[in-house]
Amino acid sequence: MSIRLALLVALPLAGCVFESDHHDFGGASCSGPTAMAIDNGASVDHATGVDAGYYATYAAGGHWHVEWTCDTKLSAEGCNFTGSITYDPAAGGAAPSCFQCESNDDLTSSAAGNQTRLEFDTVTSTGLDGVDFDSVPGHSVQLDLQINGIYQNDLVFVPSDGATASPACMPLALTPSAP
């Protein structure tokens, strides 16, 4: 039995299914959101254009910032970052905005019941792209993030419980440690 087939047989028991068609089994999607805490006011240090991945931060009052960068200074290739973020919008909060995005980057916002759903598709190389948005303070947000069309959960970084953490699989439900 091949490794891929063995994983596909065993993973439904664990609730995850790998989406990759090659032997890089670093990314998985789950049947439901993986819950993680995000520390209020904390961030994860990273070098733009070197430390590829997504970096999430939360500030008191419901202020979120999620940014991403590629390792282009090392690999000489850009990365295609795609995904969605779903959250409870704060009354009177600022409209979501694309952070350092270029004209060919795409960020759309739509209503999903009482929530807001952001979808993005950006190509990033030696710079940063990202999104800023305001949610109801203390409420969870759900992220579903891919790089180059696959889940690479080991490249999603969250300040959680005083350390840097990465989710086991997507989607990811982040809950602030304090409103």
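The values are calculated or read from the model by the stated rules, or taken from the named source; none is laboratory data. Everything quoted here is computed from the prediction, not taken from an experiment. Counting neighbours? That spans all protein chains shown, and the Cβs are built from the backbone with ideal geometry, glycine included. The area values use the complete protein model at the heavy-atom level, side chains included, leaving out ligands, DNA and RNA. Shrake-Rupley method; radii C 1.70, N 1.55, O 1.52, S 1.80 Å.
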Problem set entry | Residues of the range 160-174 that turn out to be buried (at least 22 other Cβ atoms within 10 Å of the Cβ) and either closer than 18 Å to Phe99 by Cβ or of a type in the set (Asp, Glu) (or both), as a count | 1
For this session: Within the range 57-98, count every residue that is farther than 22 Å from Pro179 by Cα and out of contact with any strand residue (DSSP E or B) (no Cβ under 8 Å at 6 or more places or on another chain).
Result: 5
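One line per residue, one yes/no per condition, for (1) aliphatic (A, V, I, L, M); (2) out of contact with any helix residue (DSSP H, G or I) (no Cβ under 6 Å at 6 or more places or on another chain); (3) on the phi > 0 side of the Ramachandran plot:
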position: Arg117; (1), (2), (3): no, yes, no
position: Pro137; (1), (2), (3): no, yes, no
position: Leu145; (1), (2), (3): yes, yes, no
position: Ile150; (1), (2), (3): yes, yes, no
position: Val156; (1), (2), (3): yes, yes, no
position: Gly162; (1), (2), (3): no, yes, yes
For this session: Having 1 or more residues that are at pLDDT 95 or above and crowded, with 19+ Cβ neighbours inside 10 Å is the bar; report the strands (runs of 3 or more DSSP E) wholly within the range 10-97 that clear it.
Result: 28-38, 53-59, 63-69, 79-87
For this session: Give the residues of the range 102-144 that are part of a strand (DSSP E or B), in contact with an Asp or Glu (Cβ under 6 Å, 6 or more places away or on another chain), closer than 19 Å to Ala90 by Cα and open to solvent by 30 Å² or more (accessible area, probe 1.4 Å), sorted by residue number.
Result: Thr108, Gln115
Seminar exercise, completed: Subset of the range 107-131, residues touching a Ser or Thr at 6+ places or on another chain (Cβ under 7 Å) and over 19 Å from Ala52 (Cα atoms), comes to Ser109, Ala112, Gln115, Thr116, Arg117, Leu118, Glu119
Problem set entry | Single residue of Asp106, Asp39 found to be among the charged types (D, E, K, R) and within 29 Å of Ala178 (Cα to Cα) | Asp39
Seminar exercise, completed: The residue from Thr69, Thr57, Thr48 that alone is touching a His at 6+ places or on another chain (Cβ under 8 Å), farther than 17 Å from Gln142 by Cβ and touching a residue at least 12 places away in the same chain (Cβ under 8 Å) is Thr69
